1. Nearest 10 degrees, 0 to 90: what angle lies between the long axis of helix 17-28 and the longest principal axis of the chain (Cα atoms)?
2. Which three extents, in angstrom, do the Cα atoms of the chain have along their principal axes, listed largest first?
3. If you build a Gaussian network model of the chain, linking Cα atoms that sit under 10 Å apart, which residue out of Pro227, Pro87, Pro140 swings the most?
4. Check Val164: other-chain or 5+ apart residues with amide H under 5 Å from its amide H, H built from backbone geometry?
5. What percent antiparallel are the DSSP beta bridges of segment 108-220, to the nearest 5?
6. Out of the total accessible area of segment 1-55 (probe 1.4 Å, heavy atoms of protein only), what percent is carbon and sulfur?
7. How far apart, in nanometres, would the label points at Ala203 and Glu35 be if each is projected 7 angstrom from Cα along the Cα-to-Cβ direction?
8. Give me the angle, in degrees from 0 to 90, between the Cα long axis of helix 253-271 and the longest principal axis of the Cα atoms of the chain, rounded to the nearest 10.
Amino acid sequence: MAAALHARKVAFIGGGAMGEAIIKGITAAGLLPAERVSVGAHRAERAEYLHKTYGVTGLVDNCEAVREADLVILAIKPQMVDTALTPDVAAALKKDATVLSIMGSVTTARVAGLFPGHAVIRTMPNTPLAVGAGMTAIAPGEGVRAEALEDAETIFGSCGEITVIQEKDIEAVTAVSGCGPGYVYILIDALADAGVMAGLPRATAIKLAAQTFAGSGRMVLETGLHPDVLRDQVTSPGGTTIAGIHALENRGVRGAMYDAVQAVLDRSEEIKGNK
């Protein structure tokens, strides 16, 4: 059983897909009784859904949601910062509450400016969090207590894999794992299309391609072996796999990944107004 949290109450501002995925992880793993989790949702219907589904306290008042919470999770889109994170919400926080953000492109410094006097943890989860297979990078800001960081690790560990990083690396993390599911879905679709071209039914081709990616990733994580070593295990001299790899390398698949990551970094700078 997963370790219990140090926080006696956790509050969410935002109850969308990512917020729900984290709530699901917390409640399914028994990290905290559902009645000690509150969520401020945008609509009453959403608040009621979260209450009925997970037993948490669903509210449409963010100020009420965060009262008495030891850990407040900002599970909103970056463009909602100014409308959702008002001075009234900041004033409703307990003096020693820690603020945890999952918002992309919103720095720890900016969040700290909205919640003066509160320690901030910035995270970058990805969408497979929704099926318990997420990858979350955790960047603790200044003054974060060890217990709060442990809670962040426990919460996101209940939804997948975690790694603790410095905030300066979070844009690179975004380019690899944050945006990575988008790259992988394209590759799955392309491999499935190739299977259809080879004569397979569409549903079969998609299942084969998707499970191949899922299983290969799991092999890397569970064996701890370098991908090159695992690749060699399936690549016989003069065989079929090396022929396929040769075709991929000729088409620049490796260079395409480099370019994809760099494109994300460049676009991120543009969005922040640095270019």
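1. Approximately 80 degrees, to the nearest ten.
2. Cα extents, longest axis first: 67, 44, 33 Å.
3. Residue with maximal mean-square fluctuation among Pro227, Pro87, Pro140: Pro227.
4. Ile138
5. Details: 4 of 9 bridges.
About 45 percent, rounded to the nearest 5.
6. Details: 1440 of 2650 Å².
Looking at segment 1-55 in its full context, I get 54 percent from C and S.
7. Distance between label points: 4.5 nm.
8. 30
The values are calculated or read from the model by the stated rules, or taken from the named source; none is laboratory data. Treat the numbers as computed from the prediction; the structure is a model and nothing was measured. Glycine also receives a Cβ, built like all others from the backbone with ideal geometry; neighbour counts cover every protein chain displayed. Remember, those area values only see protein heavy atoms, side chains included, never the ligands or the DNA or RNA. Shrake-Rupley method; radii C 1.70, N 1.55, O 1.52, S 1.80 Å.
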